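Read through the structure below, which is laid out as structure tokens, and then see the notes.
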Amino acid sequence: MQKPETSKSADLGGGAAPSSKRVCILTFGCQMNEADSEGIAAAFRRRGYTLTDELKKADAVVVNTCTVRQKAEDKAISQIGRLRVWKEKKPEGKVFVVGCAAQKLGEKYLKGRFDFVNEVVGARAIERFEDSLIRQLGPAPEGEAQHQNLYRSPQTAYTTIMRGCSLKCSYCIVPAVRGPAVCLSPKAVLEDAAAKLKAGAKEIVLLGQTVNSYKYGKTTFSELLRKALRLPGLERLRFMSPHPLYYDAAFMKVLEEEPKLARHMHLPVQSGSDRILKAMRRGYTRGQYLDLLARLRKAAPGLAVSTDFIVGYPGETRKDFQDTLKLVREGGFSLAYCFKYSPRTDRPEMAADISEKEMEARLEELLSAVKENSRLVLNGRIGKIVEVLFETENYGRSSENFAVRVKAGGAPGSLSKVLVESAEKNTLNGNTQ
Ligand code: SAM
Ligand code: SF4
């Protein structure tokens, strides 16, 4: 699956009082950005703002940007450009540009190019967004705004457990824009998750760029998981994105012993070629990655694994690419996000060295291999029982992160066993048991 570089607007504000002000939050990029946008939304709500996805009704706009690939950065920049007309019609309206592209491009550049932007807050300063709000709108009255999910179903909430990344994958801009890894204290993590469960979430997704490298004082990732799994009201715990380097025996034990820990892992591999993995500085070989998958699947039979691939990394030969294609079937991935390599530096050795046509052809070939493999994986679940957390009466997600549809019998927010009877596209169909 090719991940679209689109923005998601936050619109669960419903029922705004006619006099209240509105904020439109446009979020580009990953779940970390979505989690940051939820924090920003809460800061606005404390000031009496409601959310809207209709720009013309907004009194303030936040563009939460991404720069992981050039295309994502370009989209965010065009979005900011389009706000010029909005600001001309609403000169008192406030524009906030935040996140990873804001960090990379900087305030001087962004305010120079877009003179209507009020505040620029880079990814490294996102926790100080409140300071910008105070400058523009004044302090908020005392009290917390209750958590509201904006990007997932009401059942699923994000909790960020670490920011930044201390690895140095050669293609990746994240460490430069988000800085080195910093872990939040277990107390802060557990309080955040508990508040979200209290507000109605049933499932928590712990977030971090190398989430399983979490360590705070003596608390390891596995210990944090065990504590989170005991939170009242929690039905299911997920995390993303783990890195192959940080799995240990203690984690395997948690996976074996804790049924509430989701039977799904999004474990980006990036390439199936040892030569390219080494050039990418991923720290593992194809064989080590496959061995890890086998150990994970032994600890949690039925575990579904999804991944990310990059095609067209500098020096990737047809043979390297064939190794990636072969890995799709060998890895048994339920889903894979596939990206064309996007240079994030001007260094000549990091420029793409195959034509755009060849890049596109490899992407297409990989996408069809992924699609065919996903079909096999989904068909392999027919006749099996999956545990579904329902979002509506007819739809929910299984522990393996499959979309599941039933004709009847689901109850939003509840867990039920479903016997899978058929599979189509990315969805399993079945009956509640
Ligand atoms: N921290 C995660 C990890 O290491 O697995 C990944 C985070 S990154 C924001 C998400 C995905 O973007 C990566 O897994 C990779 O496939 C893709 N990506 C990162 N840099 C890229 C680049 N320069 N060009 C194309 N895709 C890229
Ligand atoms: Fe980027 Fe992930 Fe590698 Fe960190 S681990 S540098 S976020 S791809």
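Values in this text are rule-based calculations from the coordinates and carry no lab data. Treat the numbers as computed from the prediction; the structure is a model and nothing was measured. Reconstructed Cβ throughout: ideal geometry from the backbone, glycine too, with neighbour counts over all protein chains shown.
State, to one decimal in nm, how far the label point of K298 lies from the label point of E330, with both points 7 Å from Cα in the Cβ direction.
1.8 nm
Please build a GNM for the chain, connecting alpha carbons under 10 Å apart, and tell me which residue among R318, R347, R45 fluctuates the most.
R347
Once phi is turned into ³J(HN,Hα) by the Karplus curve 6.51 cos²θ - 1.76 cosθ + 1.60 with θ = phi - 60°, what whole-Hz value does each residue of segment 57-67 show in order, with x for glycine and proline?
For segment 57-67, the Karplus curve yields 8, 7, 9, 9, 10, 10, 10, 9, 9, 10, 9 Hz.
Find how much the distance from Y109 to M350 grows on full extension, using 0.36 nm per residue of separation minus their present alpha carbon separation; answer in nm with one decimal.
84.3 nm
Can you work out the FRET efficiency for the pair N379 and E92, with r the C-beta to C-beta distance and R0 = 41 Å, to the nearest 0.05?
0.10
In debye, nearest 20, what is the charge dipole magnitude of the chain about its Cα centre with +1 on Lys and Arg Cβ and -1 on Asp and Glu Cβ, if you could check? Kindly include the intermediate steps, with their values, before the conclusion.
Numbers: 69 positive and 51 negative charges, 49 e Å.
Dipole magnitude for the chain comes out near 240 debye.
Using a 10 Å cut-off around each Cβ, can you sort L366, L290, L110 from fewest to most neighbouring Cβ atoms? Could you put the intermediate results ahead of the total?
On the way: L366 23, L290 17, L110 20.
Lowest count first: L290, L110, L366.
Working only with C-alpha atoms, what are the Rg and Dmax values of the chain, expressed in angstrom?
Using the Cα atoms of the chain, the pair Rg, Dmax is 22.0, 63 Å.
What lysines sit close enough to K319 to cross-link, taking a C-alpha to C-alpha distance under 19 Å and skipping anything fewer than 8 places away on the same chain?
Once the sequence-local lysines are set aside, what remains near K319 is K278, K340, K357.
Starting at the first residue of segment 145-153, write each ³J(HN,Hα) from the Karplus equation 6.51 cos²θ - 1.76 cosθ + 1.60 with θ = phi - 60°, in whole Hz, x for Gly and Pro.
8, 5, 4, 10, 6, 10, 10, 10, 5
For n ≥ 4 DSSP H runs only, could you compute -39500 (n - 2.57) per run for the chain, divide by its residues and tell me the 222 nm figure to the nearest 500?
-11000 deg cm²/dmol
For K111, go through the aspartates and glutamates and keep the ones whose alpha-carbon is under 12 Å away, minus same-chain ones fewer than eight residues off.
Partners found: E119.
Points 7 angstrom from Cα along the Cβ direction at D248 and R84: gap in nanometres?
The two pseudo-label positions are separated by 5.4 nm.
What aspartates and glutamates does K56 reach when the alpha-carbon gap must be under 15 Å and sequence neighbours fewer than 8 apart in one chain are set aside?
Straight-distance partners of K56: D11, E88, E92.
Please list, in order along segment 115-125, the HN-Hα scalar couplings obtained from phi with the Karplus expression 6.51 cos²θ - 1.76 cosθ + 1.60 (θ = phi - 60°), rounded to whole Hz, x for Gly and Pro.
Coupling constants for segment 115-125: 6, 8, 6, 7, 9, 10, 10, x, 4, 6, 10 Hz.
Take the residue pairs K260/K417; K371/K407; K8/K94 and return only those whose Cα atoms are more than 22 Å apart.
Long pairs (Cα-Cα over 22 Å): K371/K407.
Amide H of T307 versus every other amide H placed in the peptide plane: which residues, excluding those fewer than 5 positions away on the same chain, fall under 5 Å?
L267, L335, A336, Y337
Where in segment 393-413 does the amide nitrogen come within less than 13 Å of the point 7 Å from the Cα of N429, taken along Cα to Cβ?
Counting backbone N atoms under 13 Å from the label point, the list is 404-408.
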